[in-house]
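> Dropping the structure in here first, questions after.
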Amino acid sequence: MPFVPVLQTVEVDLQYLYRQQFCSNTMYFTSQVGDPTPSGVLALATAVEAWATANLLPILSQDCQLFRLHARELTAEVSSVADVSSGTVGGIATTADPNNVTLAVSFRTGVIGRSFRGRNYIIGIPQGVISDNTVAPSFLADVLTAFAALPAAVTTDWLHSVVSRFTAGLPRVAGVSTPVTTVAFTDNIVDSQRRRLPGRGR
């Protein structure tokens with residue numbers, strides 16, 4: 001796949017160890033203070049790690065461990081990167097549902113079209129919050145509360161964004177970054193990520 005630059009934008013990959021499997025969630029952040037610098041990329045990764053430790057991990061099962069964040073500046077193929085170690089485990093002292101069981105949280109931008117929405121698949125959903133393939137409203141509310149704290153965590157220097165690198169099936173000359181305006185769930189029915197099962201890729 002050809003590299004598609006995205007100006008003033010950093011990709012942050014949250015990397016988890018989840019019961020014998022490596023898993024990740026990716027988010028994008030657009031700089032509001034000019035081109036990202038190496039120190040700025042590191043500061044962003046550090047801020048996202050602190051946000052996840054304080055807001056997201058406490059509502060996840062202890063079976064899930066955030067072990068590293070990898071941040072990459074996207075202006076050019078050869079650009080600044082930063083790695084921040086973690087080690088934070090989920091704060092709920094119960095086992096998780098099977099690795100593939102997940103729930104998609106949607107990132108909306110207020111603009112129509114697939115290029116302008118994104119999502120993350122929640123890792124480490126604790127047993128007890130799912131019944132008959134539906135997730136308890138209280139857990140959904142906890143996830144949304146966690147994401148509501150993200151803008152303050154990364155400060156006004158960065159905007160949580162959705163990135164589009166392709167249009168009509170073809171790579172763009174330059175990717176489009178659009179700020180997230182709403183974080184929501186489309187429903188409370190469980191999803192499946194088979195690649196998160198032990199032994200399925202990385």
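The values are calculated or read from the model by the stated rules, or taken from the named source; none is laboratory data. Being a predicted model, the structure only gives us computed values, none of them experimental. All Cβ positions, glycine included, derive from the backbone under ideal geometry; neighbour counts span all protein chains shown.
> Scan segment 4-17 and report the pairs whose first residue is basic (K, R) and whose second residue is modelled with pLDDT under 95, with Cβ atoms within less than 8 Å and a gap of 6+ or a chain change.
none
> Scan segment 177-194 residue by residue and report those that are part of a loop (DSSP other than H, G, I, E, B), touching a Ser or Thr at 6+ places or on another chain (Cβ under 8 Å) and modelled with pLDDT under 95. Please lay out each step first, then the result.
As a first pass, look at segment 177-194 and keep what is part of a loop (DSSP other than H, G, I, E, B): 180-181, 185-188, 190, 193.
Within this subset, residues satisfying the condition of being touching a Ser or Thr at 6+ places or on another chain (Cβ under 8 Å) are 180-181, 185-186, 188, 190, 193.
Listed by number, the residues that qualify are T186, N188, V190, Q193.
> Shifting gears a bit: Identify all residues within segment 166-182 that are farther than 22 Å from E73 by Cβ and of a type outside the set (G, A, S); write none if there are none. Give the steps one after another, and end with the answer.
First pass over segment 166-182, keeping only residues farther than 22 Å from E73 by Cβ: 167-170, 181-182.
T167, L170, T181, T182 - these are the residues of segment 166-182 that are farther than 22 Å from E73 by Cβ and of a type outside the set (G, A, S).
> For segment 121-138, which residues satisfy the criterion of being surrounded by fewer than 20 Cβ atoms within 10 Å (Cβ to Cβ) and either of a type in the set (A, V, I, L, M, F, W, C) or under 20 Å from C64 (Cα atoms) (or both)?
Residues of segment 121-138 that are surrounded by fewer than 20 Cβ atoms within 10 Å (Cβ to Cβ), as a first pass: 121, 127-128, 130-134, 136-138.
Within segment 121-138, Y121, Q127, G128, I130, A136, S138 meet the criteria.
> In this structure, is V163 touching an Asp or Glu at 6+ places or on another chain (Cβ under 9 Å) and part of a strand (DSSP E or B)? Lay out the reasoning, then the answer.
Values: touching an Asp or Glu at 6+ places or on another chain (Cβ under 9 Å): yes; part of a strand (DSSP E or B): yes.
So V163 fits the description; yes.
> Oh, and also: Within segment 22-42, work out how many residues are closer than 20 Å to D83 by Cβ and in contact (Cβ under 8 Å) with a residue 24 or more places away in the chain. Break it down stepwise before answering.
Within segment 22-42, the first condition is being closer than 20 Å to D83 by Cβ, and the residues that meet it are 22-29, 31, 36-42.
Subset that is in contact (Cβ under 8 Å) with a residue 24 or more places away in the chain: 22-23, 25-29, 31, 36-38, 40-42.
Summing the residues that are closer than 20 Å to D83 by Cβ and in contact (Cβ under 8 Å) with a residue 24 or more places away in the chain in segment 22-42 gives 14.
> Scan segment 100-110 residue by residue and report those that are out of contact with any Gly (no Cβ under 8 Å at 6 or more places or on another chain) and surrounded by 14 or more Cβ atoms within 10 Å (Cβ to Cβ).
Those that are out of contact with any Gly (no Cβ under 8 Å at 6 or more places or on another chain) and surrounded by 14 or more Cβ atoms within 10 Å (Cβ to Cβ): N100, V101, T102, L103, A104, V105, R108, T109.
> Go through (1) out of contact with any Phe, Trp or Tyr (no Cβ under 7 Å at 6 or more places or on another chain); (2) surrounded by fewer than 20 Cβ atoms within 10 Å (Cβ to Cβ); (3) not acidic (D, E); (4) not in a helix (DSSP H, G or I) one by one and return the number of the condition P36 breaks.
All conditions are met except number (2).
> A follow-up question, please. From the list A141, A146, A174, exactly one residue is surrounded by fewer than 17 Cβ atoms within 10 Å (Cβ to Cβ) and in a helix (DSSP H, G or I). Which is it? Step through it out loud before you land on a result.
Details: A146 fails: surrounded by fewer than 17 Cβ atoms within 10 Å (Cβ to Cβ); A174 fails: in a helix (DSSP H, G or I).
On inspection, the qualifying residue turns out to be A141.
> Looking at E77 and the list (1) out of contact with any strand residue (DSSP E or B) (no Cβ under 7 Å at 6 or more places or on another chain); (2) over 30 Å from T178 (Cβ atoms); (3) of a type in the set (D, E), which single condition is not satisfied?
Failed condition: (2).
> In the list V6, V41, V48, V12, which residue meets the criterion of being in contact with an Asp or Glu (Cβ under 6 Å, 6 or more places away or on another chain) and modelled with pLDDT of 95 or more? Outline the logic, then answer.
Working: V6 fails: in contact with an Asp or Glu (Cβ under 6 Å, 6 or more places away or on another chain); V48 fails: in contact with an Asp or Glu (Cβ under 6 Å, 6 or more places away or on another chain); V12 fails: in contact with an Asp or Glu (Cβ under 6 Å, 6 or more places away or on another chain).
Testing whether each residue is in contact with an Asp or Glu (Cβ under 6 Å, 6 or more places away or on another chain) and modelled with pLDDT of 95 or more leaves just V41.
> On to the next question. Touching a residue at least 12 places away in the same chain (Cβ under 8 Å), surrounded by 17 or more Cβ atoms within 10 Å (Cβ to Cβ) and acidic (D, E), is that true of E77? If you could, list the steps in order and put the result at the bottom.
Numbers: touching a residue at least 12 places away in the same chain (Cβ under 8 Å): yes; surrounded by 17 or more Cβ atoms within 10 Å (Cβ to Cβ): no; acidic (D, E): yes.
Taking the combined requirement at face value, the residue does not satisfy it.
> Of the numbered conditions (1) crowded, with 17+ Cβ neighbours inside 10 Å; (2) modelled with pLDDT of 95 or more; (3) acidic (D, E), D97 fails exactly one; give the number of that condition.
(2)
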